[in-house]
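The values are calculated or read from the model by the stated rules, or taken from the named source; none is laboratory data. Computed from a predicted model, the values in this text were never measured in an experiment. Note that each Cβ is placed from the backbone with ideal geometry, even for glycine, and that neighbours are counted across all protein chains shown. In case anyone asks, the SASA skips ligands and DNA or RNA and just uses the protein heavy atoms, side chains included. Shrake-Rupley method; radii C 1.70, N 1.55, O 1.52, S 1.80 Å.
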Amino acid sequence: MIAIIDYDAGNIRSVEKALHTLGEEAVVTRDRREILQADKVILPGVGAFGDAMDKIRGYKLDQVIYEVVKKKIPFLGICLGLQLLFKTSEESQGIRGLGILPGRIVKIPSADGLKIPHIGWNSLDFHGESILFRGVERGAYVYFVHSYYLQAEEADIVKATTQYGVTIHACVEKDNVFACQFHPEKSSDTGLHILKNFITYSPREEG
């Protein structure tokens, strides 16, 4: 069973629908026991960094997420769910993120010909070995909707980048923690393949 963490964010149901398309049992929940008993956990979402962290802390889901990571349950952050894994975001000054991974979230700079928010399909450049991108064609296109992006501190956790005026760290993997700035649930067959790779991943693969 896959637990989708419910903290009143947008886009949660589209993730649930994508998992059902793949034939997976999924539950949208904020129940601690249900989340910790899941085989996999997903933190999706669209919205503002500060509002999301207020809700996560209000529901005490921050502590549940820390437990998930500590227990080595495979965990996937999507879009805002990626950004919340880091300590700070320029979108919400003074609001502390989860701080599970090292790095910061910054605003996409204005540039001629580029609209912000960044909405649309961009190709990915892969970096090193990746679990999520096994069997995915190099240069594959995925769907983005965001105004802020990740600058990770550890280069080796960055598994994909894309270009939108700057180099955007589009996907990271570290131990049992995975995260995508793009929306795999809205990225057609490529996105479903990425989700399937997460679903079938076993921590035993890491030895």
Residue count, the stretch 32-56 (criterion: touching a helix residue (DSSP H, G or I) at 6+ places or on another chain (Cβ under 9 Å) and open to solvent by 40 Å² or more (accessible area, probe 1.4 Å)): 5
Phe198 being among the hydrophobic types (A, V, I, L, M, F, W, C) and farther than 19 Å from Lys72 by Cα: no
Subset tally (residues that are modelled with pLDDT of 95 or more, more than 12 Å from Val177 (Cβ to Cβ) and of a type in the set (Val, Ile, Thr)) for the stretch 43-80: 3
Helices (runs of 4 or more DSSP H) wholly inside the stretch 1-109 that include at least 2 residues being touching a residue at least 60 places away in the same chain (Cβ under 8 Å) and out of contact with any Gly (no Cβ under 9 Å at 6 or more places or on another chain): 12-21, 61-70
Qualifying residues in the stretch 122-132 (those that are open to solvent by 60 Å² or more (accessible area, probe 1.4 Å) and in a loop (DSSP other than H, G, I, E, B)) - the one nearest to Val166 (Cα to Cα): His127
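Every residue, every condition in (1) within 27 Å of Ser110 (Cα to Cα); (2) outside any strand (DSSP E or B), yes or no:
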residue: Asp156; (1), (2): no, yes
residue: Thr161; (1), (2): yes, no
residue: His169; (1), (2): yes, no
residue: Val172; (1), (2): yes, no
residue: Phe178; (1), (2): no, no
residue: Glu185; (1), (2): no, yes
residue: Asp189; (1), (2): no, yes
residue: His193; (1), (2): no, yes
residue: Lys196; (1), (2): no, yes
Test result for Ile100, out of contact with any His (no Cβ under 9 Å at 6 or more places or on another chain), β-branched (Val, Ile, Thr) and surrounded by fewer than 23 Cβ atoms within 10 Å (Cβ to Cβ): yes
Every pair of residues 6+ apart whose Cβ atoms lie under 9 Å, when the first sits in the stretch 165-186 and is within 13 Å of Gly77 (Cβ to Cβ) while the second is among the aromatic types (Phe, Trp, Tyr) and part of a helix (DSSP H, G or I): Phe178/Phe198; Pro184/Phe198
Pick from the stretch 133-185, criterion under 13 Å from the mean Cα position of the chain (by Cα) and among the charged types (D, E, K, R), ranking: most open to solvent (accessible area, probe 1.4 Å): Lys174
The stretch 136-154 - residue that is touching a Lys or Arg at 6+ places or on another chain (Cβ under 9 Å) and not in a strand (DSSP E or B) and, of those, farthest from Pro109 (Cα to Cα): Glu154
Exclusive hit being among the β-branched types (Val, Ile, Thr), open to solvent by less than 20 Å² (accessible area, probe 1.4 Å) and over 13 Å from Ile42 (Cα atoms), set Ile65, Ile119, Ile95, Ile108: Ile108
Condition met for Arg13 (of a type in the set (Lys, Arg) and at pLDDT below 95): yes
Residue, least open to solvent (accessible area, probe 1.4 Å), within the stretch 186-207, restricted to residues that are farther than 19 Å from Glu129 by Cβ and of a type in the set (D, E, K, R): Lys186
